[in-house]
Amino acid sequence: MDTEVLIVGAGPTGLVLAIWLARSGIRVRIIDKAPEPGTTSRALAVQVRTLELYRQLGFAEEVVEAGLKFAAANFWARGRRAGHVEFGALGAVFTPFPYALIYPQDEHERFLIERLSELGVQVERGEELLDFEEKSDGVVAHLRGSTCSAAFLAGCDGAHSIVRERLGITFPGGTYEHLFYVADVEASGPVVDGQLHASVDESDFVAVFPLKQQGRARLIGTIRSGSEKQRDDLGWDDVSTSLLQRLRIEVRRVHWFSTYQVHHRVAARFRRGRAFLLGDAAHIHSPVGGQGMNTGIGDAVNLGWKLAEVLRHRAPPGILDSYEPERIGFARRLVATTDRVFQFVTRTGPLAALVRVQVAPRAISAAFHLRAVRRFLFRTVSQTAISYRSSDLSEGRAARVHGGDRLPWVQSNPDNFTPLESLGWQLHVYGTASSALSQTCAARRLPLHAFPWTRSAALAGLGRDAIYLVRPDGHVALAHPSQDPAVLERYLDLRGLRLVAKA
């Protein structure tokens, strides 16, 4: 075959998939019909879970250095602050990255392209997928002027995906009626302070995101109703400025301005045969919470390790069946959640206005004082709460950790996330590993990592001397309170896993 995996689309989702596969020794080809990478900032937020996955790939610290950390968010109603949440203290026990990161998508893409180039893979610009057909042993893709044969095809080609269209997969959902703007501006005022601010009044909303350059911010809000201009003719003068004035934001210069409509859709399927959908090709939703790009990157890692295992004959093709149920369930919940929040901040009418500026601020203020609420909010937005407990790959429970859960982070020297940089299967024990378990792992060529039992491990919900079989993406596959080697062997044999430690 010309390549093992053909990736269509070189946004963050396609680039991360290509990097993971190339790091795993898979031959990959990535094409994009655009003549150059994106030149506008678009998605901004890089969430905690993405940074954890980037640490596995070896470049989290570089991304953090290039971006802007922010560790607090604020909610305002009619110019009065109704809620404030500090991320840093909340996240310090959950993750080595207890903050969100602002890193504009154009810079982010260029960074990922450079990392991919270091692995010997170049994005093929101006190359377009026209059609493809599946054969018994792969896919034949018809490109503009050539053909390409591959074992698998990954559609990372955005909301107007040609891959999804050719598969005949529907994209149910809808479009919000409001027209929104996004602008990168030079501004001053009390809320241009390196924190995130979201503000509402009776009929309007605005979100203020910090940018790394001093005095710069990203604004997202609504276009004034009643404008008779065509969408392409709209500009800053058409922006609703009442909330900006209430927040005392003075915009001195607009560097970039665009309008858009917000969609909420999830593809009916994420896979058909040897072709897969990822990122915006599979799901799109409102920008609430900065989840979209991060969800696509999560898709890429979830599929990437499974493709690598199948192509290197370490797992049977059936393991690929777990991609869709693991990711489509999360995408549907995410779209439903962001849809509810977005409707709250955009719905019109006197009752909606009353709820938005009178009832909700009091409720939010009271809720934000509860540590459990703040912790839930952090884990949800950071995507560290993602779990695949219902997956066929997930089994068992030990202490508070179930099969399918993200492996809890434990501070130690080195910490328990360090071995995940191998991108391979591994077994964790927090306490003492028995000789029988060690012998089984050696026979199976499964890396065994025994960490000392500490209070941190107990607080993280792990069980003393329990076993945790960890997938290449850092999620627990098997959790069991005893070290009976037969339990581990039965899990591996039932799923046809032939594990080999990676160099």
With the dipole of the chain defined by +1 on each Lys or Arg Cβ and -1 on each Asp or Glu Cβ, the option from L494, L423, V93 whose Cα lies farthest towards the positive pole is V93
Relative to the Cα centre, what is the charge dipole magnitude of region 395-494, using +1 at the beta carbon of each Lys and Arg, -1 at the beta carbon of each Asp and Glu, and rounding to the nearest 20 debye?
140 debye
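Which of rounded, prolate, oblate describes the chain, given a ≥ b ≥ c as roots of the alpha-carbon gyration tensor eigenvalues and a/c under 1.5 marking rounded, otherwise prolate only if a/b is larger than b/c? Walk me through the numbers before you get to the answer.
On the way: a/c = 2.04, a/b = 1.34, b/c = 1.53.
Oblate, because a/c is 1.5 or more while a/b does not exceed b/c.
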Tell me, how many Å apart are the Cα centres for region 153-230 and for region 370-387?
23 Å
Lys/Arg Cβ at +1, Asp/Glu Cβ at -1, dipole of the chain taken about the Cα centre: which of I162, W453, G126 is farthest positive-ward?
W453
Taking Cα atoms only, helix 12-23 is inclined relative to the longest principal axis of the chain by an angle, in degrees rounded to 10, of 20 degrees
Compute the length gained on full extension between Q245 and L459: take 0.36 nm times their separation in residues and subtract their Cα-Cα distance, giving the result in nm to one decimal.
72.5 nm
For a protection proxy built on the mean count of beta-carbon atoms within 10 angstrom, sort 376-387, 486-497, 174-185 highest first, please.
376-387, 174-185, 486-497
In the neighborhood of E326, defined by Cβ-to-Cβ distances under 13 Å, what is the net charge if each Lys or Arg adds +1 and each Asp or Glu adds -1?
+2
Whole-Hz couplings from phi, Karplus 6.51/-1.76/1.60, listed for region 242-258; x for Gly and Pro:
4, 6, 4, 5, 4, 7, 6, 8, 9, 8, 8, 7, 9, 8, 7, 9, 8
Compute the acute angle (0 to 90°) between the alpha-carbon long axis of helix 292-311 and the principal axis of greatest extent of the alpha-carbon atoms of the chain; round to the nearest 10°.
20 degrees
Just how large is the dipole of the chain about the Cα centre, in debye to the nearest 20, putting +1 at every Lys and Arg Cβ and -1 at every Asp and Glu Cβ?
1480 debye
Could you please report the charge total around R29, scoring K, R as +1 and D, E as -1 over all other residues with beta-carbon less than 12 angstrom from its beta-carbon?
-4
For peptides 98-104, 54-60, sequence by mean Cβ density within 10 Å, most packed first:
98-104, 54-60
What is the total of Lys pairs in the chain with C-alpha atoms under 28 Å apart, excluding same-chain pairs fewer than 8 positions apart?
5
For L494 and M1, what is the calculated FRET efficiency with R₀ set at 30 Å and r taken between the beta-carbons, to the nearest 0.05?
0.50
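Values in this text are rule-based calculations from the coordinates and carry no lab data. These numbers come from a predicted model, not from an experiment. Here Cβ is always computed from backbone atoms with ideal geometry, including for glycine, and neighbour counts include all displayed protein chains.
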